[in-house]
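Q: Okay, here's the structure, questions in a sec.
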Amino acid sequence: MRISLEQAAGQLSELVRLAEEGEEIVLTENGAPRARLEATSPIDKAARERFFRDELPELQRRAASRMIPGPDAAHSQDFLYDDETGLPA
């Protein structure tokens, strides 16, 4: 894939993902190649799938069990308004 530097600036994350998947990314300026984006090591797709299938749900479960309940967002600014009129206090 050839892409200008201007276009690449807005989608760098996507270009890095494509490079990790083995896509050749050539950055151009005025139509001339300037640089090539290449992954430092190819992604092990099987390991990535195992992570999302097996490890991530466990990490999410553990994080959820440690969450401290906070204020209710729907009522977090109630103190700013008068209870009777509903106008700013």
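No value in this document is a laboratory result; all are computed from the given coordinates. Please read all numbers here as calculations on a predicted model, not as lab measurements. Every residue, glycine among them, receives a Cβ derived from its backbone with ideal geometry; neighbour counts consider all protein chains shown.
Q: Cβ under 15 Å from ILE25's Cβ, ILE25 left aside: what net charge do those residues give with Lys, Arg +1 and Asp, Glu -1?
A: Values: positive: ARG2, ARG17, ARG34, ARG36; negative: GLU6, GLU14, GLU20, GLU21, GLU23, GLU24, GLU29, GLU38.
Local charge sum for ILE25: -4.
Q: Let me ask something additional. Divide by every residue of the chain the summed helix terms, -39500 (n - 2.57) for each DSSP H run of at least 4, and state the resulting mean residue ellipticity at 222 nm, rounded to the nearest 500 deg cm²/dmol.
A: Values: 4 runs with 30 residues, N = 89.
It comes out at -9000 deg cm²/dmol, rounded to the nearest 500.
Q: Hey, got the dipole for the chain? About the Cα centre, +1 on K and R Cβ, -1 on D and E Cβ, debye to the nearest 20? Before the final figure, lay out the partial values.
A: Values: 11 positive and 18 negative charges, 123 e Å.
Using Cβ point charges on Lys, Arg, Asp and Glu, the chain gives about 600 debye.
Q: Right, here's the next one. Using 0.36 nm per residue, how much length does the chain from ARG34 to MET1 gain when fully extended, once their Cα-Cα distance is taken away? The partial results should precede the final answer.
A: Working: separation 33, 0.36 × 33 = 11.88 nm, distance 1.32 nm.
Extending this stretch completely gives an extra 10.6 nm.
Q: Rounded to the nearest 0.05, what FRET efficiency do LEU59 and THR85 have when you use their Cβ-Cβ distance and R0 = 30 Å?
A: Values: r = 47 Å, r/R0 = 1.58.
Once the sixth-power term is evaluated, E becomes 0.05.
Q: Using the alpha-carbon atoms, what tilt in degrees (0 to 90, nearest 10) does helix 56-65 show relative to the longest principal axis of the chain?
A: 20 degrees
Q: Right, something else. Whole Å is fine, so just give me how far the alpha carbon centre of segment 45-89 lies from that of segment 18-32.
A: Rounded to whole Å, the Cα centres lie 39 Å apart.
Q: Work out the charge dipole of the chain with +1 on the Cβ of Lys and Arg and -1 on the Cβ of Asp and Glu about the Cα centre, then indicate which of SER41, ALA8, MET67 is farthest towards its positive end.
A: Farthest towards the positive pole: SER41.
Q: Using only the Cα atoms of the chain, what semi-axes does the equivalent ellipsoid have when each is the square root of 5 times a gyration tensor eigenvalue? Give whole Å, largest first. Write out the running numbers ahead of the final one.
A: Working: eigenvalues 436, 138, 10 Å².
In descending order the semi-axes read 47, 26, 7 Å.
Q: When DSSP assigns beta bridges and you keep just the ones with both residues in segment 1-65, what percent turn out antiparallel, to the nearest 5? Numbers along the way, then the final one.
A: Working: 5 of 8 bridges.
Looking only at bridges with both residues in segment 1-65, the antiparallel portion is about 60 percent.
Q: Counting other Cβ atoms within 10 Å of each Cβ, which trypsin sites (Lys or Arg not before Pro) in segment 38-89 have at most 10 and sit in a DSSP loop?
A: Working: sites: LYS45, ARG48, ARG50, ARG53, ARG61, ARG62, ARG66; in loops: ARG66.
Sites meeting the loop and neighbour criteria: ARG66.
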